[in-house]
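Asker: For reference, the structure I am asking about is given below.
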Amino acid sequence: MSDIVIQLAPHALAALAYGLLGAHFWNTRWREGENPGVARPMLGWERGAIAAALTIHAFALYSALFSDAGMRFSFSFALSLMMWLAVLIYWLESFMARMEGLQPMVLPLAALCTAMPMIFPQVHLVAHASATGFKLHFLAAMLAYSLLTLSALHAIFMGFTENALHRRSLRRSLATLPPLLTMESLLFRMLLAGFVLLTLTVGSGVFFSEALFGKPMTLDHKTLFAFASWGIFATLLVGRHFWGWRGRHALRLTLAGFALLLLAYVGSRFVAEVVLGRL
């Protein structure tokens, strides 16, 4: 029992750090004050605090996922790892653009996902995890999921910003967000990078399934959800390139593609591990 507590302690510390930082950014960036239209840039100590939380979270994930018995994984660790990568990307982007207005949503969500391994600690050993091909496949998949997760969050915030602009609502939360065109440009950059990585993930899973997983590819619900998600993102990017798709149409397709992608792995693992009790 004490070993489990020690193992999960870094997850609790990282979740607490994310939660406190989320509350701080909400209080200083979103909470209405005397000057609702004045935006406050991200400070050096705030970037340092996020970096510290990322470091603790990385240590927690590495310690939990890798053991002498092999690599362990589960839907809860998938969510935690995806949000770690998402927060890291936001943190890196904050050096080039103003991202402080997005932190009050991203950090609380990261706190929730970081706490998931404590709520659902069930894990399973990953077969063939020592193979180089599998490691590259796994890395591409996690980077793709993270970028597309961040794209979905961006889409939600773009919808929030667009609605607020239509209502001509001058709120502090709106003033701290990046300009809508900047957010849209960043959204499609992340979508393109995530789509390329998702294509590598799906392609390697289809053509090298036996080498990666030790068995031929099977057309199950997980595979169908992944293909459907890939098709939606491909349609969106083609529509953007040839017909200039943007606005609500693009946001809806982004969220639809992300929902299917989430079901492809996290949903299926949740059902298998929590509902059916299979590890």
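Asker: Does Leu192 qualify as being modelled with pLDDT of 90 or more, assigned to a helix (DSSP H, G or I) and under 19 Å from the mean Cα position of the chain (by Cα)?
Answerer: Yes, satisfied.
Asker: Okay, moving on. In the set Gly277, Gly257, Gly244, which member is at positive phi and modelled with pLDDT of 85 or more?
Answerer: Step by step, each of Gly277, Gly257, Gly244 is checked, and only Gly244 is at positive phi and modelled with pLDDT of 85 or more.
Asker: Picking from Arg167, Arg172, which residue would you name as being modelled with pLDDT under 75, among the basic types (Lys, Arg) and out of contact with any Asp or Glu (no Cβ under 8 Å at 6 or more places or on another chain)?
Answerer: Arg167 is the lone residue from the list that is modelled with pLDDT under 75, among the basic types (Lys, Arg) and out of contact with any Asp or Glu (no Cβ under 8 Å at 6 or more places or on another chain).
Asker: Just to verify a result, which residue in segment 129-161, among those that are crowded, with 17+ Cβ neighbours inside 10 Å and among the polar types (S, T, N, Q), is modelled with the lowest pLDDT?
Answerer: Once the filter is applied, the top-ranked residue is Thr161.
Asker: Related question: Condition test on Pro117, is it at pLDDT 85 or above and within 20 Å of Arg31 (Cβ to Cβ)?
Answerer: In short, no.
The values are calculated or read from the model by the stated rules, or taken from the named source; none is laboratory data. Computed from a prediction, not measured in an experiment: that's the story for all the values here. Note that each Cβ is placed from the backbone with ideal geometry, even for glycine, and that neighbours are counted across all protein chains shown.
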